[in-house]
Amino acid sequence: MLEDWTVIITACLVAASCSIIGCFLVLRKMAMVGDAISHAVLPGIVIAFMMGGKMGSWYLLVGAAAFGLITTFLIEFFNKKGGVQQDASIGVVFTSLFAIGIILISLYTRNVDLDQECVLYGDLDSVYLELQEPFFGFMIKPTIFQLLVLLLVISTLVIIGFRGLALTTFDPAYAATIGISVMAWHYVLMGAVSISTVISFNSVGAILVVAFLITPAATAYLISSKLIPMILLALLFGVTASFLGYLLAYKINGASSAAIATVLGLQFVVVFILKLFKDKIVLLNRNAGNR
């Protein structure tokens, strides 16, 4: 029972942090930038791992954040200065940096607890095996503590910087005219994506963290494009998928992180179909009223 709740709580914390950040990515039409960063930070993680010697090292945050900002800068540079289309710029930057990270793993981290599978897929089901450590007088598993801190940081960032994030998301031209730095908030958001990605690596890996970043927010966007309701809905979808996904994994004896991501996709499909039916009914009623 304790094992089950450890996995579920871990998944809920990852989903909550990523869902909040994901809403801004979706509204800014930057979903694929989040995907790019989640892969392109790999060289920074490997370099930091070699310096710190373990996946729990706080060096990883610095390395990931640095390469997240480098990724953002390169995408913007190629797009604005080189005239390369943004989607092409994203593809070039993230595949190149991700490949460099894989090479570094294969060359310098053999026979240690960092490999391609660890980075790509994570190991959510093994979180309960961690030994509890004392933090501020409480015994808690390190991964859960890190995710709690992440959620606190992300929540504080959004609350304190809500005006700047909201204005630069919905009306960057107006934000610039009243003295708000659009580019500064852009890099703050990208840094938050980088940190969220690396802290989530141990649990869900580089590939599946994208599902938590984008899918709950995209599903919520089908219902409401207003920021606060969208964030609340994304949190609801992310946490619900964590519970249902774990139950699915338990029933089929599969990987929890993959099952949760599958449930997230199913949520999106269901909401999408319901929205289509709703729009069709509204259109029929409108046509009937015009007759």
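What pairs can you find where one residue is in the range 154-174 and within 16 Å of Ser19 (Cβ to Cβ), the other is not in a helix (DSSP H, G or I) and not aromatic (Phe, Trp, Tyr), and their Cβ atoms are less than 6 Å apart, with a gap of 6+ or different chains?
Thr169/Arg28
Please determine whether any residue of the range 221-232 is part of a helix (DSSP H, G or I) and of a type in the set (Gly, Ala, Ser).
Of the residues in the range 221-232, the ones part of a helix (DSSP H, G or I) are 221-223, 227-232.
From what is left, the residues that are of a type in the set (Gly, Ala, Ser) are none.
Looking through the range 221-232, none of the residues is part of a helix (DSSP H, G or I) and of a type in the set (Gly, Ala, Ser).
With the checklist (1) within 30 Å of Ile70 (Cα to Cα); (2) buried (at least 16 other Cβ atoms within 10 Å of the Cβ); (3) among the aromatic types (Phe, Trp, Tyr) in hand, flag the one item Phe170 doesn't pass.
Of (1) within 30 Å of Ile70 (Cα to Cα); (2) buried (at least 16 other Cβ atoms within 10 Å of the Cβ); (3) among the aromatic types (Phe, Trp, Tyr), only one is false for Phe170: (2).
Quick one: would you say Thr215 is of a type in the set (Ser, Thr, Tyr), assigned to a helix (DSSP H, G or I), surrounded by fewer than 22 Cβ atoms within 10 Å (Cβ to Cβ) and at pLDDT 90 or above? I'd like the intermediate steps shown before the answer.
Values: of a type in the set (Ser, Thr, Tyr): yes; assigned to a helix (DSSP H, G or I): yes; surrounded by fewer than 22 Cβ atoms within 10 Å (Cβ to Cβ): no; at pLDDT 90 or above: yes.
Considered against the rule, which asks whether it is of a type in the set (Ser, Thr, Tyr), assigned to a helix (DSSP H, G or I), surrounded by fewer than 22 Cβ atoms within 10 Å (Cβ to Cβ) and at pLDDT 90 or above, Thr215 comes out as no.
Please go through the range 133-153 and give me each residue that is out of contact with any helix residue (DSSP H, G or I) (no Cβ under 7 Å at 6 or more places or on another chain) and free of Cβ contacts under 8 Å to residues at least 60 places away in the same chain, ordered by number.
Pro134, Phe136, Gly137, Phe138, Met139, Ile140, Phe145, Val149, Leu152, Val153
Can you tell me which residue in the range 266-281 is modelled with the highest pLDDT, limited to those that are under 27 Å from Ser242 (Cβ atoms) and of a type in the set (D, E, K, R)?
Lys275
Taking Ser203 as the residue in question, decide whether it is outside any helix (DSSP H, G or I), out of contact with any Pro (no Cβ under 6 Å at 6 or more places or on another chain) and either over 18 Å from Met32 (Cβ atoms) or in contact (Cβ under 8 Å) with a residue 12 or more places away in the chain (or both).
The answer is no for Ser203.
Suppose the filter is closer than 20 Å to Trp5 by Cβ, modelled with pLDDT of 95 or more and surrounded by fewer than 18 Cβ atoms within 10 Å (Cβ to Cβ); does Leu236 pass it? Show your work before the answer.
On the way: closer than 20 Å to Trp5 by Cβ: yes; modelled with pLDDT of 95 or more: yes; surrounded by fewer than 18 Cβ atoms within 10 Å (Cβ to Cβ): yes.
Taking the combined requirement at face value, the residue satisfies it.
Could you identify the single residue in Gly245, Gly254 that is modelled with pLDDT under 95, within 27 Å of Leu42 (Cβ to Cβ) and part of a loop (DSSP other than H, G, I, E, B)?
On the way: Gly245 fails: part of a loop (DSSP other than H, G, I, E, B).
Every option except Gly254 fails the conditions.
The values are calculated or read from the model by the stated rules, or taken from the named source; none is laboratory data. Note that this is a predicted model, so its numbers are computed, not measured. Neighbour counts are summed over all protein chains in view; Cβ atoms, including those assigned to glycine, are modelled from backbone coordinates with ideal geometry.
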